[in-house]
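Got a structure here, written out as structure tokens. Questions coming.
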Amino acid sequence: MRIKPSEITPEPVYRARREFLAGIAGLGAATALARPAVAQTVMNVALIERLKYTRSARYSTAETPNSLADITGYNNFYEFGTGKDDPARNAGSLRPRPWSVVVDGECEVKGRYALDDLLQPHPLEERIYRLRCVEAWSMVIPWIGFPLGDLVARFKPTSRAKFVEFTTLQDPKQMPGQRFAVLDWPYVEGLRIDEAMHPLAIIAVGLYGQVLPNQNGAPLRLVVPWKYGFKSIKSIVRIRFSERMPATSWALSAPREYGFYANVNPEVDHPRWSQKRERRIGAGLLASRQPTLKFNGYGADVAQLYAGMDLARNF
Ligand SMILES: Nc1nc2c(c(=O)[nH]1)N[C@H]1C(S)=C(S)[C@@H](COP(=O)(O)O)O[C@H]1N2
Ligand SMILES: [Mo]
């Protein structure tokens, strides 16, 4: 699990304006700024362009963010292979534009939305969040996004909507890892409606001030910082509201190991390893593993969502 020295150029810039950013800029919520292109040593950090956003101090950790090289070079995105460096090498085949998202199920406003229409009303914020992977490593990532709850509210979920389900693109031509049955594709994740409405849950469209690199889930992905990383589903093509708890990919594949809730919890070990400590990616091989915090340190904000629940049973 050693990180290979990355050759990724910091902040490579892609010149062409894209409809994605043109759409956001149209409303004045964000503007694409032209910057000179720099030499790219790795092809798969493509379509990088600056975003305009405000910083959220309220929702950002003071910890030092990981480098762009770590964040874009050490990934879990099994649609591009199961190795941590596979997504950086293979995600160039994903075409994140044009893109659309289907919204359906228990909601009044349904339909297929072009990416620009979906994102346009939402001003972007930078949120520096910890990301704690269930595999006991972590990173600190300066995401650019907006509250998931603001998006959910637009679709007017009915009173029967207790959960929201998210689905990743399924297309083995673009996602070569889907030719292997490591998971039952497409990747599906979900949240309880009150979790989805919590202000800490965001839709991320960028990081380090630029649009999301493919390997991080372009063009839009979920980020739920108090839960293990596998809840933060990438490259979303469908949002469905439901009365019943969605059947989510990891909980289906190994129900004893991965639950629906997946709240970060040092008191509940994974059946095959301890969750008490974590390795911070980029800290160096000699750095000691740091203690994992309950709800990944976001307990003051989110613990009340689980009042009265047995978190060892609802893991
Ligand atoms: N579609 C999809 N989403 C996914 C995954 C995946 O394999 N496929 N991996 C998850 C896991 S296990 C983690 S830890 C995070 C990693 O996000 P990052 O690569 O942007 O750091 O993405 C999550 N989202
Ligand atoms: Mo993960």
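Explain nothing, just compute: Karplus ³J(HN,Hα) = 6.51 cos²θ - 1.76 cosθ + 1.60, θ = phi - 60°, for every residue of segment 88-100 in order, whole Hz, x for Gly and Pro.
Rounded to whole hertz, the list is 4, 7, 10, 6, x, 7, 6, 10, x, 9, x, 8, 9.
Compute the accessible area per residue over segment 5-306, keeping the other protein chains in place, probe 1.4 Å, unit Å².
Values: 12640 Å² over 302 residues.
Using a 1.4 Å probe on heavy atoms only, each residue of segment 5-306 averages 42 Å².
A further question on this structure: Kindly identify segment 5-306 as rounded, prolate or oblate by the Cα gyration tensor criterion: order the square roots of the eigenvalues as a ≥ b ≥ c, call it rounded if a/c is under 1.5, otherwise compare a/b with b/c, prolate if a/b is larger, else oblate. Kindly include the intermediate steps, with their values, before the conclusion.
Details: a/c = 1.33, a/b = 1.06, b/c = 1.26.
Rounded shape, in that the Cα axes give a/c under 1.5.
To the nearest 0.05, what FRET efficiency results for Asp150 and Arg272 with a Förster distance of 25 Å applied to their C-beta separation?
Numbers: r = 38 Å, r/R0 = 1.52.
Working from the Cβ atoms, E equals 0.10.
Given a 1.4 Å probe and heavy atoms of the protein chains only, how would you sort Tyr59, Tyr258, largest accessible area at the top? Please list the in-between numbers first.
On the way: Tyr59 45, Tyr258 20 Å².
Greatest to least solvent exposure: Tyr59, Tyr258.
Now for a separate question. How would you rank 121-134, 91-104, highest first, on the average number of other Cβ atoms within 10 Å across their residues? Before the final figure, lay out each step's value.
Working: 121-134: 20.4, 91-104: 18.5.
The most tightly packed comes first, giving 121-134, 91-104.
Going by a ≥ b ≥ c, the root eigenvalues of the Cα gyration tensor, does segment 181-315 fall in the rounded group (a/c under 1.5), the prolate group (a/b larger than b/c) or the oblate group? Mind showing how you got there, number by number?
Details: a/c = 1.34, a/b = 1.07, b/c = 1.25.
Taking the square roots of the gyration eigenvalues as a ≥ b ≥ c, segment 181-315 is rounded.
Hey, what do the phi angles of segment 296-305 turn into as Karplus ³J(HN,Hα) couplings, whole Hz, using 6.51/-1.76/1.60 and θ = phi - 60°, x for Gly and Pro?
Using θ = phi - 60°, the values come out as 6, x, 9, x, 4, 8, 10, 4, 5, 5 Hz.
Based on the mean of other Cβ atoms within 10 Å per residue, sort peptides 210-217, 232-239 so the most packed one is first. Walk me through the numbers before you get to the answer.
Details: 210-217: 26.2, 232-239: 23.5.
Going from most to least packed, we get 210-217, 232-239.
Multiplying the sequence separation of Thr54 and Val182 by 0.36 nm and subtracting their Cα-Cα distance, what value in nm do you get? Each step should come with its number before you reach the end.
Details: separation 128, 0.36 × 128 = 46.08 nm, distance 3.89 nm.
Gain on stretching Thr54 to Val182: 42.2 nm.
Just by accessible area at a 1.4 angstrom probe, what is the order of Arg50, Arg277, Arg256 from largest to smallest? It would help to have the intermediate numbers written out before the result.
Details: Arg50 50, Arg277 115, Arg256 175 Å².
Ranking Arg50, Arg277, Arg256 by accessible area, largest first, yields Arg256, Arg277, Arg50.
Put Phe241, Phe230 in order of accessible area, largest first, 1.4 Å probe: what do you get? Write down the numbers at each step before the final one.
Numbers: Phe241 0, Phe230 25 Å².
Ranking Phe241, Phe230 by accessible area, largest first, yields Phe230, Phe241.
How much of the accessible area of segment 5-306, probe 1.4 Å, is carbon plus sulfur, in whole percent? Could you put the intermediate results ahead of the total?
Numbers: 6940 of 12640 Å².
Exposed carbon and sulfur together represent 55 percent of the surface.
Another question, then. Once amide H atoms are placed 1.01 Å from N in the peptide plane, what residues at a sequence separation of 5 or more from Lys52, or on another chain, have their amide H within under 5 Å of its amide H?
Thr31
In terms of modelled amide H atoms, which long-range or inter-chain residues lie less than 5 Å from the amide H of Gln170?
For Gln170, whose amide H was placed from the backbone, there are no distant partners under 5 Å.
Using the Karplus equation 6.51 cos²θ - 1.76 cosθ + 1.60 (θ = phi - 60°), what ³J(HN,Hα) coupling, rounded to whole Hz, does each residue of segment 207-212 give in order, writing x for Gly and Pro?
Once rounded to whole Hz, the list reads 7, 6, x, 10, 4, 4.
Starting with the highest mean, order 113-120, 288-295, 65-72, 141-148 by the number of other Cβ atoms within 10 Å, averaged over the residues of each peptide.
Numbers: 113-120: 19.2, 288-295: 15.0, 65-72: 21.4, 141-148: 23.4.
Per-residue mean Cβ counts within 10 Å order the peptides as 141-148, 65-72, 113-120, 288-295.
If you don't mind, another one. Under a point spin-label approximation (7 Å from Cα along Cα-to-Cβ), what is the Leu286-Ser159 distance to one decimal in nm?
Between Leu286 and Ser159, the label points sit 6.4 nm apart.
For segment 210-249, list residues with backbone N below 17 Å from a point placed 7 Å from the Cα of Asp104 toward its Cβ?
236-244, 246-247, by backbone N distance to the label point.
Amide H neighbours of Lys227 under 5 Å, at least 5 residues apart or on other chains, H built in the peptide plane: list them.
Excluding prolines and chain starts, which carry no amide H, the hits are Val264.
The values are calculated or read from the model by the stated rules, or taken from the named source; none is laboratory data. Every value quoted in this text rests on a predicted model; they were computed, and no experiment measured them. Neighbour counts run over all protein chains shown; Cβ positions are idealised from the backbone, glycine included. Protein only, heavy atoms only, side chains kept; ligands, DNA and RNA dropped before computing areas. Shrake-Rupley method; radii C 1.70, N 1.55, O 1.52, S 1.80 Å.
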